[in-house]
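A short write-up of the structure that comes next.
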Amino acid sequence: MNPRLEIVAIGARTPVGHDAVSSAAAVRAGIARCSEYPFATPDGAPLIAAADARIDPMLEGNARLEPLLASALTEAARSLAAAPPHQGPYHLLLALPEARPGFGKREAGELLGRALACMRRVGLQAEVRVAGHGHAGAVQAVEQAARLVADDRDALCWVAGVDSWLHADTLLWLEDQRRCAQPGVRSGFIPGEAAGCIVLAHPDLRRRLRLPALAVVRGVHTAREAHLRTSETGTFGEGMSDAVAGAASVLRLPDEQVDAHYNDINGERYRSEEWGFVAMRTAAVWKSLQYEAPADRWGNVGAAFVPLGAILGVQSFRRAYAPGPRAMITAGSDAGLRGALLLQRPT
């Protein structure tokens, strides 16, 4: 898909920063916030997690997710406050955690209501919906935003992702699955928590509102992977390769190769092997096969990864340290959704 969308505002809350700018700066500087978390593992080993320092470690579930999401949405709203009044529709498209112990339909419905209340607190009457789940859910949300804006150029679309693995039921489940990074586990991740938000608008609306163009959405594509993490055959990277090829189909290769890549690799062997196959299948897309995988700094941030990856790309453009004018964010959800989002530095 080649949408006519531009990023006009951003917001973030991560373990390494309480807003978008500080989070991106911390990632670039290599600052990590991974430390012992007050949770007893069955064998007594300390759990290493990336937690938000401002949230009481005794809280869990939506009591953690709501302040993360509210912080990111409020920051994005502040960026839009100086713009002329916008009379068109507002859409908030949410990427939430996939169903798992500690987060199910009830929690998702409750969080949807809290997101609506947050938008009202910042003075916006928005249509709020769940657009996707898991790591790649926000790519699906950007696809939906592109369709909404294609139907109505006055639509202002907020794409937000929020996740936290720091729930007792979730952590016990991860340990049972041997997915937590700890002694004796060779292929585990550091549980994290975060929220990210990007606001998307048609270029015509952006100019009317006199908002900055932080990045151009050059391409976006989702696909499905049949060979999941639990598959006996392992992965061949087919779904992610399709997502990358779809997002990059707008590029004039080899002159417009992707310069920077933000990847949701998190320490799990499955994701690293998947990227190996994707790199072979899509080598012509990339200027370099190097990638940025910030999970070693802010942990596995799940459904928040894609908007946060987009913010890393935006800040690299704004601060002029990007290796080139194009950046791609790739992510894969446990249930098989794969997504790629291609950004370009505005001219």
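The values are calculated or read from the model by the stated rules, or taken from the named source; none is laboratory data. On a predicted model such as this, the values are computed, not experimentally measured, just so you know. Cβ placement follows ideal geometry from the backbone for every residue including glycine, while neighbour counts extend to all protein chains displayed. SASA here: full protein model, heavy atoms, side chains in, ligands and nucleic acids out. Shrake-Rupley method; radii C 1.70, N 1.55, O 1.52, S 1.80 Å.
Around ARG319, under 14 Å between beta carbons, what's the net of Lys plus Arg minus Asp minus Glu among the other residues?
Values: positive: ARG28, ARG318, ARG345; negative: none.
Result for the neighbourhood of ARG319: +3.
Determine the order of MET58, MET328 by accessible area, beginning with the largest, at a probe radius of 1.4 Å. Write down the numbers at each step before the final one.
Numbers: MET58 150, MET328 0 Å².
Correct descending sequence by accessible area is MET58, MET328.
Take the chain, connect every pair of alpha-carbon atoms lying under 10 Å apart with a spring to form a Gaussian network, then pick out the residue of GLY88, GLY102, GLY237 with the largest mean-square fluctuation.
GLY88
Taking the Cα centre of the chain as the origin, how large is its charge dipole in debye, to the nearest 20, when only Lys and Arg (+1) and Asp and Glu (-1) carry charge on their Cβ atoms? Each step should come with its number before you reach the end.
Values: 37 positive and 37 negative charges, 232 e Å.
The calculated dipole for the chain is roughly 1120 debye.
Lys and Arg at +1, Asp and Glu at -1: add these up for the other residues within a Cβ distance under 13 Å of ALA45 and post the number. Could the numbers behind the result be given before it?
Working: positive: ARG178; negative: GLU36, ASP43, GLU175.
Net local charge, ALA45 excluded: -2.
Tell me, what is the per residue accessible area of the chain in Å², probe radius 1.4 Å? Working shown, then result.
Working: 13790 Å² over 347 residues.
About 40 Å² of surface per residue is accessible.
Can you give the helix-only mean residue ellipticity at 222 nm for the chain, where every DSSP H stretch with n ≥ 4 adds -39500 (n - 2.57) and the sum goes over all residues, rounded to the nearest 500 deg cm²/dmol?
Calculated from helices alone, the mean residue ellipticity at 222 nm is -10500 deg cm²/dmol.
What percent of all Cα-Cα pairs in the chain falls into each 10 Å bin, going from 0 up to the bin containing the maximum distance?
Binned Cα distances yield the sequence 6, 28, 36, 23, 6, 1.
State the percentage of accessible surface on the chain attributable to carbon and sulfur atoms; use a 1.4 Å probe and exclude ligands, DNA and RNA. Please report the intermediate quantities before stating the final value.
Values: 6920 of 13790 Å².
Carbon and sulfur: 50 percent of the exposed surface of the chain.
Pulled fully out, how much extra length does the chain show between GLN177 and ILE48, if you take 0.36 nm times their separation in residues and subtract their Cα-Cα distance? Mind dumping the intermediate values first?
Details: separation 129, 0.36 × 129 = 46.44 nm, distance 1.63 nm.
44.8 nm is the gain from fully extending GLN177 to ILE48.
Less than 18 Å from a label point 7 Å out along the Cα-to-Cβ axis of ARG269: which backbone N atoms in segment 229-257 qualify, by residue?
Residues 229-237 fall inside that zone.
How much net charge surrounds ASP19 when only the other residues with a Cβ under 11 Å from the Cβ of ASP19 are counted, with Lys and Arg +1 and Asp and Glu -1? Don't skip to the answer; put the middle values down first.
Working: positive: ARG13, ARG78; negative: GLU75.
Once all neighbours under 11 Å are counted, the net charge is +1.
Ignoring trypsin sites (Lys or Arg not before Pro) that are buried or in helix or strand per DSSP, and keeping those with at most 12 other beta carbon atoms within 10 Å, what is the longest stretch of the chain between them?
Longest gap between qualifying sites, sites excluded: 55-177.
Of GLN344, ASN266, VAL306, whose Cα points farthest to the positive end of the dipole of segment 219-346 (charges on the beta-carbon: +1 Lys, Arg; -1 Asp, Glu; origin at the Cα centre)?
GLN344
Pop the C-beta distance of LYS287 and ALA213 into the FRET formula with R0 = 30 Å and round what comes out to the nearest 0.05.
On the way: r = 23 Å, r/R0 = 0.76.
FRET efficiency, LYS287 to ALA213: 0.85.
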